[in-house]
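See structure below.
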Amino acid sequence: MDPVKSLKGTKKTGTTICGVVFKGGVVLGADSKATGGHIVMDKSCMKIHKMTPSIYCGGAGTAADTHHVTAMIGSQLRLLELNTGRPIRVETACVKLKRHLFPYQGHVGAHLILGGCDFTGPHLYNVSNHGSVSPEDFSVMGSGSYAAVGVMESKYKPDMTEEEAINLTIEAITAGIIHDEGSGFFVNYTVIRHIKESPYAEVSHGYHVSRPAPRQKKIKGLFTIPRGETEIMKEIVVDFATQTSEITIDKPHNTPIKPVGYMQ
Amino acid sequence: MQSDLNLPVDLGTTIMALKFDGGLLLAADSRTSQGSYVSNRMADKITPLIDDIYVCRSGSSADTQTVAGYARYSLDFHSQQLGKRPSVQTAAYILRDFAYQNKEVLSVSFICAGLDDEKARIFSIAQGGAIFEQKNYAAAGSGSTYVLTYLDEKYRPNMTETEVRELAVRAVSLAMFRDNSSGGCIRLCVLKPNTKPERIFLQGDQVQSMFPVHR
């Protein structure tokens with residue numbers, strides 16, 4: 001991978017988004033900080049966009065790109081819904097997104113986690129800005145994903161309840177908020193529950209403000225070393241006036257070093 | 001190493017196809033990476049094109065998905081006009097033509113394999129669009145370099161399905177051990193005449209770990 005090449009083009013703005021499939025639905029989560037360079041543009045930004053009433057999309061990358069791509073494809077899906085008279089399948093949304101993104105060869109900076117329910121059940125897809133798609137059971141994206149993925153990988157289990165899935169989402173996004181400078185403030189989450197009749201999805205939104213664990217008090221005075229404690233092995237005195245030098249202390253190398261201060 | 005989520009999703013891969021007495025086995029690892037970050041550890045690189053014809057994908061994830069999708073559409077259309085299922089050779093050449101005509105912008109390599117009536121056929125399409133029909137087995141992707149000689153040594157024509165399955169699992173495990181870009185789980189696809197393709201997913205202990213236990 002050419003490091004110079006990756007510096008050009010759209011910059012990734014900070015985000016942590018995630019999605020989890022549970023028994024009977026899917027949860028999408030996101031942080032709420034939007035940055036422009038080093039300035040926080042929006043403290044309560046909504047990064048989970050609605051595509052159809054049963055399909056939602058979390059977006060990382062360039063905020064304008066994620067917002068507009070989701071809205072554009074969402075409107076195409078709405079037309080398809082009206083023309084066919086039935087709710088859209090999540091796979092359809094997926095294919096439309098990747099067919100839009102691939103021709104731009106990655107320059108449309110939309111990294112998306114697509115989640116929703118259709119008559120076949122709950123689905124979660126990862127859509128990259130280059131146009132590749134992968135179905136997943138859980139997914140994290142954005143600059144905070146490195147922090148969130150550890151939480152996800154260790155705590156995810158198949159067939160969770162809705163409450164467990166929401167808690168997992170909150171924990172994963174919180175990890176991103178704490179450890180990534182590009183993510184922050186609070187966690188937004190959207191729960192899409194699978195129901196048997198059309199439109200096959202029931203949506204609810206929520207938010208959570210995380211309180212990070214209290215910081216440990218630093219113990220002072222543990223590492224103070226009194227003056228004169230360090231043993232001098234060799235001392236050379238140089239007189240610049242007379243251009244002479246004298247070795248006043250010269251202990252051999254194998255002299256055992258006296259333990260000092262806290263090392264005792 | 002470069003860690004940047006703007007990098008394209010890459011299928012650094014180990015994929016292979018092996019003929020056995022009575023059919024064809026396809027095998028692949030399941031890792032996709034973006035630089036040094038593994039973005040999907042359970043990817044499916046064995047994609048169906050039409051009926052008994054499958055393609056193993058390696059290279060850029062977005063590019064291979066798009067080309068395979070185009071080939072699937074093209075084969076479907078072609079089969080309507082032809083009145084029957086096209087041959088494996090047609091499928092492979094459709095993939096090859098697309099890869100060759102767009103070689104400046106695409107980073108793809110495939111193993112296209114399937115059954116023509118009772119006969120198994122394997123085609124290997126390299127980066128840049130060169131196509132080779134392989135007599136007995138083919139391997140591709142970054143991990144294949146580590147196991148090609150292993151396959152050369154261990155493969156014999158007309159092995160049984162069990163033998164060839166053990167060989168493929170062993171080979172992919174070895175490649176996953178040595179190649180950074182291959183890893184995760186092993187996916188298999190068994191194609192036999194007049195039988196529905198069988199998809200097998202091996203994970204955890206079923207993937208042969210190369211780490212020495214008693215040393």
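Throughout, read-outs are computed from the coordinates displayed, never taken from laboratory work. The shown structure was predicted, so the numbers you read here are calculated from the model rather than taken from an experiment. Ideal geometry is used to build each Cβ from the backbone, glycine not excepted, and the neighbour counts take in all protein chains shown.
Couple of notes before you dig in:
- Of the residues making up the stretch B:108-121, those that are under 18 Å from B:Cys189 (Cα atoms), in a strand (DSSP E or B) and out of contact with any Leu (no Cβ under 7 Å at 6 or more places or on another chain) are B:Ile111, B:Asp116, B:Lys119, B:Arg121.
- The stretch B:97-109 - residue that is surrounded by fewer than 21 Cβ atoms within 10 Å (Cβ to Cβ) and away from chain A (no Cβ under 14 Å) and, of those, farthest from the chain's Cα centre (by Cα): B:Gln101
- Residue check for A:Ile88: more than 10 Å from every other protein chain (Cβ to nearest Cβ), of a type in the set (A, V, I, L, M), within 20 Å of the chain's Cα centre (by Cα) and surrounded by 16 or more Cβ atoms within 10 Å (Cβ to Cβ): no
- Selection status of A:Ile170, assigned to a helix (DSSP H, G or I), touching a His at 6+ places or on another chain (Cβ under 9 Å) and among the β-branched types (Val, Ile, Thr): yes
- Among all residues of the stretch A:127-139, there is none that is small (Gly, Ala, Ser) and surrounded by fewer than 20 Cβ atoms within 10 Å (Cβ to Cβ).
- Any chance B:Glu153 is part of a strand (DSSP E or B) and not hydrophobic (A, V, I, L, M, F, W, C): no
- Criterion: part of a helix (DSSP H, G or I), touching a residue at least 24 places away in the same chain (Cβ under 8 Å) and either in contact with a strand residue (DSSP E or B) (Cβ under 6 Å, 6 or more places away or on another chain) or buried (at least 23 other Cβ atoms within 10 Å of the Cβ) (or both) - qualifying residue of A:Cys94, A:Cys18: A:Cys94
- Residues in the stretch A:108-142 that are out of contact with any helix residue (DSSP H, G or I) (no Cβ under 8 Å at 6 or more places or on another chain), facing chain B (nearest Cβ under 10 Å) and assigned to a loop (DSSP other than H, G, I, E, B): A:Glu136, A:Asp137.
- Among the residues of the stretch B:29-83, those that are over 24 Å from A:Ser145 (Cα atoms), out of contact with any Leu (no Cβ under 8 Å at 6 or more places or on another chain) and in a strand (DSSP E or B) comprise B:Thr47, B:Pro48.
- Some residue of the stretch B:32-39 being under 24 Å from B:Glu133 (Cβ atoms), in contact with a strand residue (DSSP E or B) (Cβ under 6 Å, 6 or more places away or on another chain) and surrounded by 21 or more Cβ atoms within 10 Å (Cβ to Cβ): no
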